[in-house]
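> For reference, the structure I am asking about is given below.
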Amino acid sequence: MMTNYRNQVTQGQFSFLPDLTDEEITLQIKYALDQGYAINIEYTDDPHPRNTYWEMFGFPMFDMKDPAGVMVEVQACRKTFSNCYIRVMASDATRGTESQKMSFIVNRPAVEPGFRLLREEREGRCMGYTIVPYACDMPEGERGQ
Amino acid sequence: MSNETETETNIILPDDTPVDLQAEMVSSNVMGILDELDRELIGLKPVKTRIRETAALLLVDRMRNKMELSAAAPTLHMSFTGNPGTGKTTVALRMAEILHRLEYVRTGQLVTVTRDDLVGQYIGHTAPKTKDVIKKAMGGVLFIDEAYYLYKPENERDYGAESIEILLQTMENNRDDLVVILAGYKDKMDTFFHSNPGMRSRVAHHIDFPDYSPEELLAIAQLMMAESNYRLTDDAKKALLEYTTRRMTMDHFANARSVRNALDRARLRQANRLFADASNSVTKIDLMTIHAEDILASRVFQEGSLDLDGDEGADVDFDDTPKH
């Protein structure tokens, strides 16, 4: 693909850029904390774009003051789920917003095989198209090993 | 261009490069906070000396960094020991601010915890709890009050040891992120450090808070009163001095805290006195002034002893109120 030259999953912020370094992640988290956002960490092994609800890693972190505390959790999550997608999300509790403000991937599996295109013949020579991640060929828990 | 600057910084500075310590001091504004400390904290000579030394060390370290004399950042984990009411928590708060101004910690926050916040109630509960507290304190100062409760030698299956383990690990690995201050009474802390040599060796600064003298306590009382817009008459000052001298010999004496309690009760009596002679006109100055009689009514003077809860006779003045 022209726009996604590294052939990797692009979800959330910064996903077309080279992977963020730990310093860059720390700076992003610092920004989120300065805005008063609550931060949580999520992981998944299913990169399908419609898979919006990932597994939470620990509780959301509400009264953090310094990014170092969040980084400890990020490292812990990387250690436990090294071959999963891990993202850091920041939610804004301001009335009227009460929603997610940031989300970016901080860890990817070593190999990202991409997506298979499935075609479905429908009535009247219609074609249905969908994608299936190759990563999901194995049952959950055995993927990416 | 960038190459040029690179080579420039690589040149080793000559040994006689002048160092502007004065400017550094001014820019960090640390003198301001140290003077404030001197003004607002009465007594505590050894503590102040130690804080000054620490501040000086951090300043010099900063200068050394500028001169590219790299050294590992000093460990600043501390233990504050002293009797109750000697100002351990107050100093810890100041410490957080000083370390923040000297850019040793990133935020000036102080997270105060006790055993309850660190140790869990069942297996597997302690580690997440302790880690949670540590995460919240990161970038600032973690103040563990009555730290000796963490270790209970009489109970082998106590989870406190697990908490200590995690703390030790963080104190070692996240030295840049967190300063831990342990506080507690001297004798109990000594036992605590004795049975946790790992903790002892990781805490570089042991600061002992001395008890206050009666004169110092009087000065503290005056500061406290001034803060809440009260004043003591000269006789009241004498009475308070006498009070603290007597109170010190009794049980459960908690230095500045006892003084604060005594003053609270004096305010109570003052209010009652004003109320009793409400027929006379009361002026603003009356509302502000604590007289000697307000202090002398204390049970410490009346009977020379305390009642069980250390309440020094708050009810003496209410003897004439009907009892049900």
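FYI, it's all coordinate maths here, none of it is from the lab. The structure displayed is predicted, hence computed values, not measured ones. Positions of Cβ are backbone-derived with ideal geometry, glycine not excepted, and every protein chain shown enters the neighbour counts.
> State the volume of the convex hull built on the alpha-carbon positions of chain A, expressed per residue in Å³ and rounded to an integer.
146
> I would also like to ask the following. For segment B:117-146, list residues with backbone N below 13 Å from a point placed 7 Å from the Cα of B:LEU93 toward its Cβ?
The answer is none, because no backbone nitrogen lies closer than 13 Å to the label point.
> Further question on the same structure: For q values of 0.06, 0.08, 0.09, 0.12 Å⁻¹, compute log₁₀ I(q)/I(0) with the Debye formula on a Cα-only model of the protein assembly as shown, without solvent.
Summing over Cα pairs of the protein assembly as shown leads to -0.45, -0.71, -0.84, -1.17.
> Something else: 7 Å from Cα along Cα→Cβ at both A:THR130 and B:GLU156: what's the point-to-point distance in nm?
About 6.0 nm separates the two model spin labels.
> Just to confirm a number: summing +1 for Lys and Arg and -1 for Asp and Glu over residues other than B:VAL60 whose beta-carbon lies under 12 angstrom from that of B:VAL60, what do you get?
After counting each charged neighbour, the total is 0.
> Return the single residue from B:ASP176, B:ASP16, B:ASP234 with maximal mean-square fluctuation; model: Gaussian network over chain B, springs between Cα atoms under 10 Å.
B:ASP16
> Continuing with the same structure: Mind giving me the FRET efficiency for B:ALA226 and B:ALA278? R0 is 25 Å, r the Cβ-Cβ distance, nearest 0.05 is fine.
0.40
> Alpha carbon centre of segment A:64-103 versus segment A:16-57: separation in Å?
5
> Quick one: if the Förster radius is 45 Å, what FRET efficiency do B:ASP38 and A:SER82 give, using the C-beta to C-beta distance and rounding to 0.05?
Between B:ASP38 and A:SER82 the formula returns 0.25.
> Give, as ranges by residue number, the residues of segment B:25-40 whose backbone N falls under 13 Å from the point 7 Å along Cα→Cβ of B:ASN65.
B:28
> Hey, what angle do you get for helix A:67-80 against the long axis of chain A, alpha-carbon based, 0 to 90 degrees rounded to 10?
Compared with the principal axis, the helix lies near 40 degrees.
> Could I ask something else about it? Starting from the 7 Å offset along Cα-to-Cβ, what nm value, one decimal, do you get for the label separation of B:ARG200 and A:ASP46?
Reported label-point gap for B:ARG200 and A:ASP46 is 5.6 nm.
> Same structure again: What dipole magnitude, in Debye to the nearest 20, does segment B:228-299 give about its Cα centre under +1 on Lys/Arg Cβ and -1 on Asp/Glu Cβ?
Here the size comes out at about 240 debye.
> Work out the charge dipole of chain A with +1 on the Cβ of Lys and Arg and -1 on the Cβ of Asp and Glu about the Cα centre, then indicate which of A:VAL132, A:VAL70, A:LEU118 is farthest towards its positive end.
Sorting the options by dipole projection puts first A:LEU118.
> A follow-up question, please. Would you mind checking which residues have amide H under 5 Å from A:MET102's amide H? H placed 1.01 Å from N; only 5 or more apart, or other chain.
A:ALA90
> Which order do peptides B:213-221, B:132-140 fall in by mean Cβ count within 10 Å, highest first?
B:132-140, B:213-221
> Which semi-axes, in whole Å and largest first, does the equivalent ellipsoid of segment A:100-145 have when worked out from the alpha carbon gyration tensor as the square roots of 5 times its eigenvalues?
29, 17, 9
> For segment B:111-179, which chymotrypsin sites (Phe, Trp or Tyr not before Pro) are in a loop by DSSP, counting at most 15 other Cβ atoms within 10 Å?
B:TYR122
> Select from A:PHE81, A:PHE16, A:PHE59 the residue whose mean-square fluctuation is largest in a Gaussian network model of chain A (Cα-Cα springs shorter than 10 Å).
Evaluated over chain A, the most mobile residue of the options is A:PHE59.
> Comparing A:ILE41, A:ILE25, A:ILE131, which has the greatest mean-square fluctuation in the GNM of chain A with Cα pairs linked when under 10 Å apart?
A:ILE131
> Next question. Would you mind computing the Rg to Rh ratio of chain B from its alpha-carbon coordinates, Kirkwood style for Rh?
1.09
> For chain B, with only Lys/Arg (+1) and Asp/Glu (-1) charged at the beta-carbon, what is the dipole magnitude about the Cα centre, in debye rounded to 20?
The calculated dipole for chain B is roughly 260 debye.
> Given segment B:151-240, what whole percent of its Cα pairs are spread farther than 18 Å?
62
> To continue, here is another question. Subtracting the Cα-Cα distance from 0.36 nm times the residue separation, let me have the gained length for B:ASP234 to B:GLU103 in nm, one decimal.
Gain on extension, B:ASP234 to B:GLU103, equals 42.7 nm.
> Go ahead and run the numbers for FRET between A:MET138 and B:ALA56, Cβ-Cβ distance against an R0 of 51 Å, rounding to 0.05.
That pair, A:MET138 with B:ALA56, gives E of 0.25.
> In 5 Å bins starting at zero, report the fraction of Cα pairs in segment B:35-194 per bin as a rounded %.
Distribution as computed: 2, 8, 17, 20, 19, 15, 10, 6, 3, 1, 0 percent.
> Right, another one. Show me, bin by bin at 5 Å from 0, the whole-percent P(r) of segment B:49-130 based on Cα pairs.
3, 11, 18, 18, 15, 13, 10, 7, 3, 1, 0
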